[in-house]
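Chemist: I have a structure I would like to understand better, so I am pasting it below and will then ask my questions one at a time.
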Amino acid sequence: MTLLRLALYQPDIPQNAGTMLRMAACLGIAADIIEPAGFPVSDRHFRRAGMDYLDHAVIRRHVSWAIFDAERRAEGARLVLLSTKGASAHTSFSYRPGDILMVGRESAGVPDEVHAAADARLVIPMAAGFRSLNVAVSAAIVVGEALRQLRAFPRETEPA
């Protein structure tokens, strides 16, 4: 089990999903894909953004929100939703080992039932007049903050 997980709720754009899966592999966190996605969920669709890093990614696929939610509750994992409707800034939140950081669909976020199920709803503070960041950028910002707080960035390797 990894310290953190990144959950992609019904992703719309394979390039963003591939980018987030690449990040997860590089930072040593697991990823969950909650289907249905807006594209066929296959390595071929992720390869362009994920490149050969996907071979190192730990990915769990879930055929529905209900199945994902039941599994994460059984595991006792806390669901931390990243949302433009979040109640707290991502930097003021205290992350814990085992947290699942979830991003929504690029086109529509997540439905009310997912908001209601989340243990926390976080927002990335931005300049006035802007709605949102790219979902992969948002995931990277919040994963970085969570790893920083947990002092869990992978160790740097010595140059060859």
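The values are calculated or read from the model by the stated rules, or taken from the named source; none is laboratory data. All figures in this text were calculated on a predicted structure; none of them were measured in a lab. No Cβ is skipped: glycine too gets one built from the backbone with ideal geometry, and neighbour counts run over all protein chains shown. Ligands, DNA and RNA are excluded from the accessible area calculation, which covers all protein heavy atoms including side chains. Shrake-Rupley method; radii C 1.70, N 1.55, O 1.52, S 1.80 Å.
Chemist: Out of all the residues in the range 12-29, which are open to solvent by less than 10 Å² (accessible area, probe 1.4 Å) and not β-branched (Val, Ile, Thr)?
Modeler: The answer is Ala17, Gly18, Met20, Leu21, Ala24.
Chemist: Is it the case that the range 130-139 has a residue that's in contact with a His (Cβ under 9 Å, 6 or more places away or on another chain), in contact (Cβ under 8 Å) with a residue 12 or more places away in the chain, not in a helix (DSSP H, G or I) and not aromatic (Phe, Trp, Tyr)?
Modeler: no
Chemist: What do you reckon, is Met1 open to solvent by 50 Å² or more (accessible area, probe 1.4 Å), modelled with pLDDT under 95 and not in a helix (DSSP H, G or I)?
Modeler: yes
Yes/no per residue for (1) at pLDDT 95 or above; (2) of a type in the set (Lys, Arg); (3) in contact with a Leu (Cβ under 8 Å, 6 or more places away or on another chain); (4) part of a helix (DSSP H, G or I):
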position: Pro125; (1), (2), (3), (4): yes, no, no, no
position: Val143; (1), (2), (3), (4): yes, no, yes, yes
position: Pro154; (1), (2), (3), (4): no, no, yes, no
position: Ala160; (1), (2), (3), (4): no, no, no, no
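Chemist: Go through the range 126-152 residue by residue and tally those that are out of contact with any Pro (no Cβ under 9 Å at 6 or more places or on another chain), surrounded by 17 or more Cβ atoms within 10 Å (Cβ to Cβ) and hydrophobic (A, V, I, L, M, F, W, C).
Modeler: Looking only at that region, the number is 6.
Chemist: Give the number of residues within the range 42-60 that are aliphatic (A, V, I, L, M) and at pLDDT 75 or above.
Modeler: Adding up the residues that qualify gives 4.
Chemist: Taking the criterion of being at pLDDT below 95 and out of contact with any helix residue (DSSP H, G or I) (no Cβ under 6 Å at 6 or more places or on another chain), would at least one residue in the range 67-82 satisfy it?
Modeler: For the range 67-82, residues at pLDDT below 95 and out of contact with any helix residue (DSSP H, G or I) (no Cβ under 6 Å at 6 or more places or on another chain): absent.
Chemist: Further question: Count, please, the residues in the range 68-91 that happen to be closer than 13 Å to Glu145 by Cα and open to solvent by 60 Å² or more (accessible area, probe 1.4 Å).
Modeler: 1
Chemist: Kindly list the number of the only condition in (1) touching a Phe, Trp or Tyr at 6+ places or on another chain (Cβ under 9 Å); (2) closer than 20 Å to Ala31 by Cα; (3) not basic (Lys, Arg) that fails for Gly76.
Modeler: In the conditions (1) touching a Phe, Trp or Tyr at 6+ places or on another chain (Cβ under 9 Å); (2) closer than 20 Å to Ala31 by Cα; (3) not basic (Lys, Arg), Gly76 misses (1) alone.
Chemist: Right, something else. When residues of the range 92-125 are filtered for being within 15 Å of Val137 (Cα to Cα) and open to solvent by less than 80 Å² (accessible area, probe 1.4 Å), how many remain?
Modeler: Residues in the range 92-125 being within 15 Å of Val137 (Cα to Cα) and open to solvent by less than 80 Å² (accessible area, probe 1.4 Å): 10 in total.
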